[in-house]
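The values are calculated or read from the model by the stated rules, or taken from the named source; none is laboratory data. No experiment lies behind these values; they were computed from the predicted model shown. Because the Cβ atoms are built from the backbone with ideal geometry, glycine has one as well, and the counts that use them run over all protein chains shown.
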Amino acid sequence: MAIDPLQLNQDGQEQIRIPVHQEEARVEKRVVDTGRGVRIHKTVAELPCRIDETLFRENVEVSHVPVDRIVPLDQAPVTRYEGDTLVVPVLEEVLVVERRLRIKEELHITRTRREEHHAETVLLKAEQVSVERFDEAGDLPST
């Protein structure tokens, strides 16, 4: 049956009908097994690691030694060492009829060094990985 493109409308005028077509696309997806793949296993192991190290510590001991001695200005004592001890004079001006220096006290500072042994066990982590490969048929390898 042929369609006549010329037709009359309700007013008696000629009317042309042109068919309009539209194409539609239909998309389908499917899963294809290629037979290839990997399986990865990862484990974490904690390994004990012994640390054995020598540590040094220094202690400072400060003692106040009263002196209470007057000295002339030009003979003011200076910091000095007496063996392993650092002696720091603490000076004070005292007003008298004349000005003099009096050694009020000395600081005797002795430094001692001792060796201390330190041992400790710590846990260190190490990762281990194994990889399984699949063959073309999709079967796991026999191991």
- Task: Select from segment 90-100 the residues that are of a type outside the set (Asp, Glu) and farther than 14 Å from residue 63 by Cβ and write down the one among them that is modelled with the highest pLDDT.
- Result: 91
- Item | Members of segment 18-64 that are within 29 Å of residue 129 (Cα to Cα) and under 27 Å from the mean Cα position of the chain (by Cα) | 42, 43, 44, 45, 46, 47, 48, 49, 50, 51
- Just a yes or no: is a residue in segment 65-73 part of a loop (DSSP other than H, G, I, E, B), of a type outside the set (Ser, Thr, Tyr) and farther than 30 Å from residue 132 by Cβ? yes
- Pairs where the first residue, in segment 81-106, is touching a residue at least 24 places away in the same chain (Cβ under 8 Å) and the second is part of a strand (DSSP E or B) and surrounded by fewer than 10 Cβ atoms within 10 Å (Cβ to Cβ), C-beta under 6 Å, 6+ apart: 105/66
